[in-house]
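A short reminder: the numbers here are calculations on the coordinates, not readings from a lab. Everything quoted here is computed from the prediction, not taken from an experiment. Neighbour counts are summed over all protein chains in view; Cβ atoms, including those assigned to glycine, are modelled from backbone coordinates with ideal geometry.
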Amino acid sequence: MKPILKRPCNECPWRRNHPAGWLGGYRPEDFTQQLLFDGPPLPCHKTIPGDGTDARAMCAGALIFMRNCAKGAHHPDYGDALETVEPDTETVFQWTQEFLDHHNDPQSWIESVRGRMNKRP
């Protein structure tokens, strides 16, 4: 798996505008623990082929999140992947608690979307 992506995909759970709680059956803590406790790199779900082979790319959102919160990559499978992305706290969460708060409270996210929709002319 190579870090070929430089930006998170439009469905990346690490994006601030990702639908809250929409994590494919996983808990938000599953995502953050994988990174914070030096597990292997998270794959980009959009690069996983349907033939059962491994993903073709690391999750750019996860890599940017790690850069945002100054988390080093200690698992050997990362190689120099963190050096291929730039920090971006506007698009991607900066802190673990932000990610957890967002994904553990889908109702607040729904209310914020409704509020933005009601403000449109």
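Assorted remarks:
- When the square roots of the Cα gyration tensor eigenvalues are ordered a ≥ b ≥ c, the ratio a/c for the range 1-85 is under 1.5, which makes its shape rounded.
- Potential lengthening of the chain between MET117 and PHE37 amounts to 24.9 nm, from the contour at 0.36 nm per residue minus the alpha-carbon distance.
- Helical mean residue ellipticity (222 nm; -39500 (n - 2.57) per DSSP H run of 4+; nearest 500) of the chain: -9500 deg cm²/dmol
- Net charge in the neighbourhood of PRO49 (other residues with Cβ under 15 Å of its Cβ; Lys, Arg +1, Asp, Glu -1) is +1.
- The local environment of VAL85, defined by Cβ-Cβ distances under 15 Å, has a net charge of +1 under the rule Lys, Arg +1 and Asp, Glu -1.
- Nearest 10 degrees, 0 to 90: helix 106-118 Cα axis against the chain principal axis: 60
- DSSP-loop GluC sites (Glu not before Pro) across the range 15-119, with at most 14 other Cβ within 10 angstrom: GLU90
- Amide H within-cut-off set for MET58, under 5 Å, with H built and near neighbours excluded: LYS2, ILE4, LEU5, CYS44
- Counting beta carbons within 10 Å around each of MET58, MET117, MET66 and listing the fewest first gives the order MET117, MET66, MET58.
- Of LYS2/LYS71; LYS46/LYS119; LYS46/LYS71, those spanning more than 28 Å from alpha-carbon to alpha-carbon: LYS46/LYS119
- Relative contact order (%) - the range 28-118, alpha-carbon pairs under 8 angstrom, separation at least six: 25
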